[in-house]
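The values are calculated or read from the model by the stated rules, or taken from the named source; none is laboratory data. This one's a predicted model, so the numbers in the text were calculated from it and none came from an experiment. Backbone-built Cβ (ideal geometry, glycine too); neighbour counts: all protein chains shown. Calculation scope for accessible area: heavy atoms of the full protein, side chains included, ligands and nucleic acids excluded. Shrake-Rupley method; radii C 1.70, N 1.55, O 1.52, S 1.80 Å.
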Amino acid sequence: MRPEDVPAVLAGQEPAAVAGLSEVFPQDLHPFPRQTIADRWLAEIEDAATSCFVIVRHDRVVGFAAVRGDEVVHFGVEVAQWGTGVAAAAQDELLEVMRAGGVQRPWLRVYAGNARGRRFWEKLGWRPTGETARGTLPPYAELLTYELAG
């Protein structure tokens, strides 16, 4: 991902976040923080410890991913790609990149209230560890830690 990709990433990320995370972030109380997310992407692109990627289909950005060490920090595809297999294929490619970098036990966090996201990761073999954390944006919702063994 490059800074010039951020508008295309946000164009898909915002509607997907609104559709998929409305239980976690009710839009009347916690609307999608577009500028905050844009600023975060730009900072992470510049951060040497974070690798940011775009998911491209038919020469168009349809999703995003970011990893930091053995953690999948961000991952998502636009709503039009839900159920098409694009996200599963992107996850496979991301794991290849991580393993090539020496990662043996990747992990990630999913909002407890994100039932669709949890089903996605569990279908791909990720399992909850029992560890929890809190999100960094209001309402500071509970996050569940998942890992993928060897």
Self-check item: From the options Glu14, Glu78, residue that is on the phi < 0 side of the Ramachandran plot and in contact with a strand residue (DSSP E or B) (Cβ under 9 Å, 6 or more places away or on another chain)
Solution: Glu78
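Conditions (1) open to solvent by less than 60 Å² (accessible area, probe 1.4 Å); (2) of a type in the set (Lys, Arg); (3) in contact with a strand residue (DSSP E or B) (Cβ under 6 Å, 6 or more places away or on another chain), marked per residue:
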{"residue": "His58", "(1), (2), (3)": "no, no, no"}
{"residue": "Ala87", "(1), (2), (3)": "yes, no, yes"}
{"residue": "Gln91", "(1), (2), (3)": "yes, no, no"}
{"residue": "Val97", "(1), (2), (3)": "no, no, no"}
{"residue": "Gly102", "(1), (2), (3)": "yes, no, no"}
{"residue": "Leu108", "(1), (2), (3)": "yes, no, yes"}
{"residue": "Gly125", "(1), (2), (3)": "yes, no, no"}
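Working only within region 119-136, note down all residues that are at negative phi and over 15 Å from the mean Cα position of the chain (by Cα).
Filtering region 119-136 down to residues at negative phi leaves 119-124, 126-129, 131-136.
The answer is Lys123, Arg127, Pro128, Thr129, Glu131, Thr132, Ala133, Arg134.
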Self-check item: Residue that is of a type in the set (Gly, Ala, Ser), open to solvent by less than 40 Å² (accessible area, probe 1.4 Å), in a helix (DSSP H, G or I) and modelled with pLDDT of 95 or more, where the choices are Ala43, Ala38
Solution: Ala38
Practice problem: Could you please tell me which pairs satisfy a Cβ distance under 8 Å, a separation of 6+ or placement on different chains, a first residue in region 134-146 that is closer than 18 Å to Arg40 by Cα, and a second residue that is of a type in the set (Ser, Thr, Tyr) and surrounded by 15 or more Cβ atoms within 10 Å (Cβ to Cβ)? | Solution: Gly135/Tyr111
Quiz item: With respect to the numbered conditions (1) touching a residue at least 12 places away in the same chain (Cβ under 8 Å); (2) part of a helix (DSSP H, G or I), which one is the sole condition not fulfilled by Asp92?
Solution: (1)
Quiz item: Give me the pairs: first residue in region 113-133 and touching a residue at least 24 places away in the same chain (Cβ under 8 Å), second residue open to solvent by 70 Å² or more (accessible area, probe 1.4 Å) and part of a loop (DSSP other than H, G, I, E, B), beta-carbon distance under 7 Å, and six or more apart or on different chains, which are they?
Solution: Gly113/Glu23
Exercise. Inspect all residues belonging to region 72-80 and state whether any of them is at pLDDT 95 or above, in contact with a Cys (Cβ under 6 Å, 6 or more places away or on another chain) and not in a strand (DSSP E or B).
Key: no
Quiz item: Is there a residue in region 62-79 that is open to solvent by 70 Å² or more (accessible area, probe 1.4 Å) and free of Cβ contacts under 8 Å to residues at least 12 places away in the same chain?
Solution: no
